[in-house]
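Visitor: Once you've had a glance at the structure underneath, I'll fire off some questions.
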Amino acid sequence: MSKIAVGTDVEAYCTKCKMVLAHAVVALAGTKPRRVRCNTCNGEHNYRATKPVSKAASKKTEKGAAKKTTTRKTRQSWEEVMQEASAKPHKKYSMSGSFGEGDWIEHATFGLGCVQSFVAPNKITVRFADSTRLLVCNQG
Ligand SMILES: [Zn+2]
């Protein structure tokens, strides 16, 4: 960052040109420009880094930003998963059936469940609404 001194060109908002333009520093306040002269219209005025924002406009922006950061529900409830799964193809569970990981099965007693893993040679762990169960498969 270059040191700002009287005479240095800085970007500032010109109150006459109504835009951010190059200005020459006329007076300093500490290390920051206090008064500047517009290189375009030669008007001298207090230093403003950017266009002044009206209170109403900034409030609107804040509201918009807050809305954007609202966290989306990422975790599906089991009910939602079930609802989605019921639309997908699923197999009727039987001990003689063969099932793989990710398969949806319909159990006569426990209802709809998702195969979590296949335990060689003839068992599967299935997640049902109430619990995860170990079921037998590949029999017969
Ligand atoms: Zn100007």
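Visitor: Please compute the modelled spin-label separation between Ala22 and Ala120, points set 7 Å along Cα→Cβ, answer in nm with one decimal.
Guide: The answer from the label model is 7.5 nm.
Visitor: Hey, another quick one. Could you order the peptides 82-89, 122-129 from most to least packed, using the average number of other C-beta atoms within 10 Å per residue? Write down the numbers at each step before the final one.
Guide: Numbers: 82-89: 11.5, 122-129: 17.1.
Per-residue mean Cβ counts within 10 Å order the peptides as 122-129, 82-89.
Visitor: Something else about it: Could I have the simple spin-label model distance between Thr50 and Val10, label points 7 Å from Cα toward Cβ, reported in nm to one decimal?
Guide: 1.6 nm
Visitor: Note the full-extension length gain between Ala108 and Ala87 as 0.36 nm times their separation in residues minus their Cα-Cα distance, in nm to one decimal.
Guide: Contour length minus the Cα-Cα distance gives 5.8 nm.
Visitor: Measure off 7 Å from each Cα along the Cα-to-Cβ vector at Ser96 and Arg133, then give the distance between these two points in nanometres to one decimal.
Guide: 2.0 nm
Values quoted throughout were computed directly from the atomic coordinates according to the rules given, and no laboratory measurement underlies them. Predicted model only: the values in this text are computed from it and were never measured. Positions of Cβ are backbone-derived with ideal geometry, glycine not excepted, and every protein chain shown enters the neighbour counts.
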